[in-house]
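One structure below.
Laboratory data are not the source of any read-out in this text; all were calculated from the coordinates shown. Since we're looking at a predicted model, the values are computed, not measured. FYI the Cβ positions are ideal-geometry reconstructions off the backbone, even for glycines, and counts take in every protein chain you see.
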Amino acid sequence: MDFKKKYDLTVDENIFVAKRNIVDYIWKSARLEGLSVTFSETEAIYNGMSVANKTVDEILAVNNLKHAWQFIFDTIDYPTDFNYICQLNRYVGDGQLFFNAGFLRSIPVSVGGTSWKPDFPNEFLIKENLVKILTLNNPTDRCITLMLYCMRSQMFFDGNKRTSMLAANHEMIRNGCGIISVPIEYQPEFTKLLVEFYETNEMSILKQFVYDVCIDGIDLKAQRKYVESQNTDIFNSTSK
């Protein structure tokens, strides 16, 4: 699909945007997975504070997302390939949050909301499909397709949505496209469309939905022009 870039950022600018809103992105990702944490609770956990009435697993899940995002910032130049995605799942499932984090699942699983069952993950086929996806010319289309493909593949025992969105956002940042994050008010519709995609393997409607309402960012063009003009003024004043 020929998606126009919603945000045209440098890599450093996109990292700035991600870090500026990191707690919000973690909170929304946690809620999408069914974790009953509020924004303020997510912020407190992120900052290392104690939070009452939260389970160990809920606190661990938030901290794992924090560490996964830090891994992304530290490895932004790495390709978003099979090994990288497996490493993201290791971060998501760290501390024995779920079984065999970072390794392809070897037993059948069910997906909530549907009788559809994913095939067993085939490493060779997954690697082959990832190569095809990562050669898509349109960067926004490439990132959304990557996320949805990984979600439907159900490569891991758990944490597939979190891992898939993190992988897509690694690619989004590398291409200055903003951040994929599902707003709370749109999460029921996203889940409904995701189940339909699981059942049909037709992603065009869901891709359009993600593009329309799930891409976040800041338009820094005006700020960039202002900084450039100030630098020009300083240069002109010092050269007189």
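Structure notes:
- Residues of the stretch 192-222 falling in the label zone of Ser115, defined by backbone nitrogen less than 14 Å from a point 7 Å along Cα to beta-carbon, are 199.
- Taking the average, over residues, of other Cβ atoms within 10 Å as the packing measure, peptides 11-19, 171-179 rank 171-179, 11-19 from highest down.
- Computed over the stretch 123-171, Cα set: Rg, Dmax in Å: 10.2, 31
- Pairs of alpha carbons in the chain separated by more than 27 Å make up 36% of all such pairs.
- Extension reserve of the Ser106-Arg20 stretch, reckoned as 0.36 nm per residue once the Cα distance is removed: 27.1 nm
- For the stretch 62-145, the Rg and Dmax computed from alpha carbons only, in angstrom: 14.6, 39
- Directionally averaged projected area (the stretch 36-89, Cα convex hull): 4.3 nm².
- Over all pairs of different C-alpha atoms, the stretch 1-66 has a mean inverse distance whose reciprocal, the Kirkwood radius, equals 13.2 Å.
- Dipole magnitude for the stretch 64-130: computed about the Cα centre from +1 point charges on Lys and Arg Cβ and -1 point charges on Asp and Glu Cβ, it is near 280 debye.
- In order along the stretch 78-87, the phi-based Karplus estimate (6.51 cos²θ - 1.76 cosθ + 1.60, θ = phi - 60°) of 3J(HN,Hα) comes to 6, x, 8, 9, 4, 4, 5, 5, 4, 5 Hz; Gly and Pro are listed as x.
- Between the helical axis of 204-213 and the longest alpha-carbon principal axis of the chain there is an angle of about 40 degrees.
- For the stretch 6-16, 3J(HN,Hα) per residue [Karplus equation, 6.51 cos²θ - 1.76 cosθ + 1.60, θ = phi - 60°, Hz, x = Gly/Pro]: 6, 10, 10, 10, 6, 4, 4, 5, 5, 5, 4
- Dividing the summed helix terms, -39500 (n - 2.57) for each DSSP H run of n ≥ 4, by the number of residues in the chain produces a 222 nm estimate of -19000 deg cm²/dmol to the nearest 500.
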